[in-house]
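Below is one structure; the comments refer to it alone.
All of the numbers you see were taken from the coordinates with simple rules; none came from a lab. All of these numbers come straight from a predicted model, not from anything done at the bench. No Cβ is skipped: glycine too gets one built from the backbone with ideal geometry, and neighbour counts run over all protein chains shown.
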Ligand SMILES: CC(C)(COP(=O)(O)OP(=O)(O)OC[C@H]1O[C@@H](n2cnc3c(N)ncnc32)[C@H](O)[C@@H]1OP(=O)(O)O)[C@@H](O)C(=O)NCCC(=O)NCCS
C-alpha cells in the first residue's frame, strides 16, 4: 500500500456532528454496547486522523475512569495505511498522560483482523466474556447474529495493555 499522509489530532467541540454521524454510520445507533454497558461514543474524548485538505481518515474515542482507560472505538476509513496505529498511539499516550495504569478494549470473537492488530501492538487477551453479545443485542437489537468472515457473533473479548 502506498503511504497515506495524515495527521492525528484531538477531537474538538466542532467535530461533534461528524463524529456522531460516524458512530451512527458504523453502528446504526448513537451508542455502542460494551460489557453490557451503553456508551455514547460521540460524547467522549478522542482523536481523528485527517489529510492535509481535511479529509477524515479515521477516528478513535476513549474513556478514562480512575486509573483505567477504555479504547471505546477505533476505525480507519482507509485500512492498512498506518491510520489505526497512529490513532492507537495517540490514545495510549493520552491515557498514560492521564495517569492510567491500564488501557483496555472490547472486541468481538469474529474480529480476527482486530485481534491480530492489537496483539501485535502489545495488547494481551485477558478475558472472553462468553455470549455477552446476546446481552448487547437486548440493548441494541441491530447487532447482527453473524459477523466478519461468516463467524457467529457471540462473545466479547477483552484485551489490555499495561501502561506502567
Ligand atoms: C483494526 C483497524 C482499526 C486497524 O487499522 P489500520 O489503519 O488498518 O491499521 P494499520 O494500517 O495501522 O495496521 C494494519 C495492519 O494490518 C495488516 N494488514 C495489511 N494488509 C492486510 C490485509 N489485507 N488483511 C489483514 N491485515 C492486513 C498490516 O500488516 C498491519 O498489521 P501488522 O503490523 O500486524 O502486520 C482497522 O482495520 C479498522 O478500522 N477495522 C474496522 C473497525 C474495527 O474492527 N475496529 C476495531 C474494533 S475493536
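Among the residues of the stretch 129-148, which ones are loosely packed, with under 13 Cβ neighbours inside 10 Å and within 15 Å of the ligand (Cβ to nearest atom)?
The one that is loosely packed, with under 13 Cβ neighbours inside 10 Å and within 15 Å of the ligand (Cβ to nearest atom): 144.
How about the stretch 86-118: which of its residues are assigned to a helix (DSSP H, G or I) and farther than 22 Å from residue 129 by Cα?
Those that are assigned to a helix (DSSP H, G or I) and farther than 22 Å from residue 129 by Cα: 86, 87, 88, 89, 90, 91, 92, 93, 94, 95, 96, 97.
I need a count of the residues in the stretch 74-128 that are touching a residue at least 60 places away in the same chain (Cβ under 8 Å) and near the ligand (Cβ under 6 Å from one of its atoms).
Qualifying residue count, the stretch 74-128: 4.
For the stretch 1-78, give me every one of the strands (runs of 3 or more DSSP E) that falls completely inside it and has 1 or more residues that are touching a helix residue (DSSP H, G or I) at 6+ places or on another chain (Cβ under 9 Å) and over 21 Å from residue 144 (Cβ atoms).
7-10, 46-50, 56-65, 68-76
Can you tell me how many residues in the stretch 119-160 are outside any helix (DSSP H, G or I), touching a strand residue (DSSP E or B) at 6+ places or on another chain (Cβ under 7 Å) and within 21 Å of residue 70 (Cβ to Cβ)?
Number of matching residues: 17.
Going residue by residue through the stretch 66-82, is there one that turns out to be within 13 Å of the chain's Cα centre (by Cα), under 23 Å from residue 7 (Cβ atoms) and surrounded by fewer than 18 Cβ atoms within 10 Å (Cβ to Cβ)?
So far as the stretch 66-82 goes, yes, one or more of its residues are within 13 Å of the chain's Cα centre (by Cα), under 23 Å from residue 7 (Cβ atoms) and surrounded by fewer than 18 Cβ atoms within 10 Å (Cβ to Cβ).
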